[in-house]
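The values are calculated or read from the model by the stated rules, or taken from the named source; none is laboratory data. These figures come from a predicted structure and were not determined experimentally. Cβ placement follows ideal geometry from the backbone for every residue including glycine, while neighbour counts extend to all protein chains displayed. For accessibility, only protein heavy atoms count, side chains too; no ligands or nucleic acids. Shrake-Rupley method; radii C 1.70, N 1.55, O 1.52, S 1.80 Å.
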Amino acid sequence: MSKRIVVDPITRIEGHLRIEAVLDENNVIKDAYSSGTMWRGLELILKGRDPRDAWAFTQRICGVCTTVHALTSVRCVEDAIGAQIPPNARIIRNLIDVTQHTQDHLVHFYHLHALDWVDVVSALSADPKETSRIAQSLSAWPKSSPGYFKELQTRLTKFVESGQLGIFSNAYWGHKAYKLPAEVNLIAVAHYLEALDFQKEIVKIHAVFGGKNPHPNYTIGGMTCAIDPNSDNAINIQQLNMVKKIIDDTATFIDQVYIPDLIAIAGYYKGWLHGEGLGNYLSYGNFPQTADPASGLWPSGAILGKDLATIHEIDLADMGQVQEEIARSWYTYSKGDQAALHPWEGETNPKYVGPDLPYEYLDTDHKYSWLKAPRWKGNPMEVGPLARVLLQYAKQEPMIVDTVNGVLGALDVGPEALFSTLGRTAARGIECKQTAGFMSKFYNQLIDNIKAGDYQVFNNDLWDPERWPKECKGFGYTEAPRGALAHWIHIKDKKILDYQIVVPSTWNASPRDGKGQPGAYEAALANTPMEDPEQPLEVLRTIHSFDPCLACASHIMDMNGNEITTVKIV
Amino acid sequence: MKKIETFAGVFKARGVERRDFLKFCSLISVSLGLAPALVPRIVHAMEHKPRIPVLWLHGLECTCCTESFIRSSHPIAADMILNMISLDYDDTLNAAAGHQFEEIRKQIMEEYKGKYILAVEGNAPLKDNGVYCMVGGQSFTSMLKETAENAMAVISWGSCASFGCVQNAKPNPTGAVPIHKIIKNKPIVNVPGCPPIAEVMTGVITHLLTFGKLPELDRLNRPKAFYGTRIHDKCYRRPFFDAGMFVENFDDEGTRKGWCLYKMGCKGPTTYNSCSTIMWNEGTSFPIKSGHPCIGCSEPGFWDNGPFYTRLAEVPFVASDSGADKVGMYAVGAAAAGMAVHAVGTAIKKAKNDSDSNPTQEG
């Protein structure tokens, strides 16, 4: 006797995601279906506009991964028109980008993911003295006295007793799948609140260089944040000091709060190694160190079938590599719905054929999502921190090898534990430690350049569209916090003719493809046992371990967006 | 009905010293731009008012509004959502998901009839029966209408909910419209910006909590306290505009001397917002300070007012005190006067700001 459960909306994510899962008689998930339930149609909106404005439009695809689309877009336009940017602009962009990674991972761990593992109500019964002892055994973080935890617990108790539970209302407290002792729950709640306060500090770096966060400003040809150590109207030592302090404080928070919490919490869940998923991983690489986009500190490559010994090279311009399918998505292709199209020849013709609203279940035997199904050489791929960490681990990047081995050692598990929900979550923390280090590295690169007298942040050579080729194509890419991201553009007569994006959460949250191969979420949910199907905590754990971003996933800007006007009213 | 606490009671219960509580009230007065003499009134309000439930819906959007909200420095987000309001329903932060999450919304709608705030981030696609945004198997549009029914007031966060923003830009493929085009029988506060400034967002809520009424609004239903003047009028680069000293390209000497960005396309002269006064990220900076022209992200239809790097044909009203109501040809009578709330928990009367008299443009 199988039963079907629906989790919609999935909360603690960006955007609108629905999961349907079929369970067997033992409450083990046999099949899962991931559906993006929102579409905004930005492709038509971008057509015909000034390519220099594209960063601002594409940035609004997502305010959680703010900056990553803007960065990818300026890289894309610069690639198309052949613009070069000064070294300082490259460094500042890297610094903004890596700041985003670090802040985003921290927010994800505490505010989007922790409550899948942490029972807030259980913290009420913790012994503050024992909590303090445990906290001090884990880390040198100073907010760890018995009095600190006692005060927090008192506040929490009154909050719960008020009957107005706010964001903690009607959740899964007391669920059997929660395994932490009360004291560790209390530590985690304390750090949930501390991280909520601290995250806003990290992104002040975006405000210094881009004027604001969310959605800092970029421009093609470099950056606009003038540097002059002897001007009171440009970036001078005062602002640089602020950036430096934030970088130092961030590294301390990651080292003394995030990483110890991650290891402590993971220690209680190392028996829960579900959620492996596809075993295929893809990363484009990021943080270029020279004008060559491929000079990134993060390598590019693909891993198939968990085989770390073979790293496959990727080429975004190869028509046979990155392709999108729509056999199970609410779109049609002029070449037939079984076609797989590279972004350069892609189409977006939305056609909703799902059930009439409101509905109880989607028709998952046919089309069931606003997300397309991106595939690499026909393979569904997982993207994100685990893909990047595995790739660096396979390539023997020393910092990653040391940290991964350190975490595995602390948990007393083998490398195979990486291929799991918990592995995905651990990889994000490991990567966050690395990116906190990169923040400092890029800051020092900037200081060295300024010290050497190089203040240039912008190259005006190709600002004027009159100097562009009459027609040109290009692509840009990055690794967003959630994974591999690329934009493709076709410019004609100084205007955008076509624009196309393939986004991390489209890879991960994709529905099945023409061959019936599931996407990464769907594969990772399979074979997961559930304690109580009415309380889908295990589903949330695995889905959250990917850090879904559905506004990104379902935006899709496309090559032939004009065909959208043929959509039928259903 | 569950027991409803006052702010002061909640603060006390959480072990917050009275001294810190008073300091908090002072900070609120600063964030609202109020005179210090009003602090005792804020203290009184906080001591006598309960926590208002807030249902925060997400439509077609990018979540930059939520991200901005949690960047608030005074009050900080944790205080806001745990101590000052009861944020009972929010996709981004709630622990519960699926039907447990939906039950919360239905429960608050029933138990707090006429006493909760509906906050909306994003907007609703009207085309094709709303299939371009579906939540829990229903269209976002129907969910929005349902949730607004018993709400005391509606806050439209950001340019999406206020004016339409990016998905509403030409040719608006999903038929996305701002909230006031759908909800016509409730007081609506528009808080535009992509996103709005964090302290403006928390300021709008604390204004309501503190004074028991919505802030005074201009003809576009924006709080005058935060959208009363143009960025240009309070811009620290304004003297360079007046002196005719302009950045001509992003790599010239003027950029390093902080000259005016008007010729680079700055929309500060036509944009009403607090960027040049409150600034962003706890006063760290704002776009013009980082050398980038304002793109006018809090103005209706700003995506179609570009291109961003093309200079404005003319700069209206050079006088520095021209408020939004004085610009344009619209009757001043359309301005919604401060909408009284007799007490928290009493329904706010329908303000005279229905969309017929609202000149907000989309597109």
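Structure data summary
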quantity	calculated
Tally, over the range A:72-116, of residues that are open to solvent by 10 Å² or more (accessible area, probe 1.4 Å), within 16 Å of residue A:217 (Cβ to Cβ) and under 21 Å from the mean Cα position of the chain (by Cα)	1
Answer residue from the range A:432-464, given it is part of a helix (DSSP H, G or I) and hydroxyl-bearing (Ser, Thr, Tyr) and is farthest from the chain's Cα centre (by Cα) among those	A:443
Unique residue being more than 25 Å from residue A:2 (Cβ to Cβ) and either in contact (Cβ under 8 Å) with a residue 12 or more places away in the chain or not β-branched (Val, Ile, Thr) (or both) when the list is A:527, A:459	A:459
Entirely in the range B:46-154, the strands (runs of 3 or more DSSP E) that have 2 or more residues that are facing chain A (nearest Cβ under 10 Å) and closer than 23 Å to residue B:183 by Cα	B:52-58, B:85-90
Cross-chain or 6+ apart pairs with Cβ under 7 Å, the range A:395-414 first and free of Cβ contacts under 8 Å to residues at least 12 places away in the same chain, then open to solvent by 60 Å² or more (accessible area, probe 1.4 Å)	A:408/A:415
Qualifying residue in the range A:54-63 (condition: open to solvent by 10 Å² or more (accessible area, probe 1.4 Å) and touching a residue at least 60 places away in the same chain (Cβ under 8 Å))	no
Residue count, the range A:151-177 (criterion: open to solvent by 50 Å² or more (accessible area, probe 1.4 Å) and more than 9 Å from chain B (Cβ to nearest Cβ))	2
Residues of the range B:253-275 satisfying the condition of being of a type outside the set (A, V, I, L, M, F, W, C) and facing chain A (nearest Cβ under 8 Å)	B:255, B:256, B:257, B:258
Residue A:513, sole failed condition from (1) within 14 Å of chain B (Cβ to nearest Cβ); (2) surrounded by 24 or more Cβ atoms within 10 Å (Cβ to Cβ)	(1)
Filter pass, residue A:218 being within 22 Å of the chain's Cα centre (by Cα), open to solvent by less than 10 Å² (accessible area, probe 1.4 Å) and farther than 17 Å from residue A:104 by Cβ	yes
Candidate set from the range B:289-302 (those that are touching a residue at least 12 places away in the same chain (Cβ under 8 Å) and facing chain A (nearest Cβ under 7 Å)); member that is most open to solvent (accessible area, probe 1.4 Å)	B:289
Any chance residue A:42 is more than 9 Å from chain B (Cβ to nearest Cβ), open to solvent by less than 10 Å² (accessible area, probe 1.4 Å), touching a residue at least 40 places away in the same chain (Cβ under 8 Å) and among the aliphatic types (A, V, I, L, M)	no
Residue identified as away from chain B (no Cβ under 14 Å), open to solvent by less than 10 Å² (accessible area, probe 1.4 Å) and either of a type in the set (Phe, Trp, Tyr) or in contact with a Cys (Cβ under 6 Å, 6 or more places away or on another chain) (or both) among A:442, A:458	A:442
Selected residue (only one of A:127, A:197, A:119 is modelled with pLDDT of 95 or more, buried (at least 20 other Cβ atoms within 10 Å of the Cβ) and of a type in the set (Asp, Glu))	A:119
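So that you can scan it fast, the table gives a plain yes or no per residue for (1) over 17 Å from residue A:446 (Cα atoms); (2) in contact with a helix residue (DSSP H, G or I) (Cβ under 6 Å, 6 or more places away or on another chain); (3) at pLDDT 95 or above; (4) at the interface with chain B (Cβ under 10 Å from one of its Cβ atoms):
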site: A:203; (1), (2), (3), (4): yes, yes, yes, yes
site: A:217; (1), (2), (3), (4): yes, yes, yes, yes
site: A:237; (1), (2), (3), (4): no, no, yes, no
site: A:254; (1), (2), (3), (4): yes, yes, yes, no
site: A:263; (1), (2), (3), (4): yes, yes, yes, no
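Here's the yes/no breakdown for (1) acidic (Asp, Glu); (2) in contact with a strand residue (DSSP E or B) (Cβ under 7 Å, 6 or more places away or on another chain):
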position	(1), (2)
A:418	no, no
A:423	no, no
A:454	yes, no
A:457	no, yes
A:474	no, yes
A:484	no, yes
A:492	no, yes
A:508	no, yes
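Conditions (1) among the small types (Gly, Ala, Ser); (2) in contact (Cβ under 8 Å) with a residue 60 or more places away in the chain; (3) open to solvent by 10 Å² or more (accessible area, probe 1.4 Å), marked per residue:
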{"position": "B:249", "(1), (2), (3)": "no, no, yes"}
{"position": "B:265", "(1), (2), (3)": "yes, no, no"}
{"position": "B:282", "(1), (2), (3)": "no, yes, yes"}
{"position": "B:285", "(1), (2), (3)": "yes, no, no"}
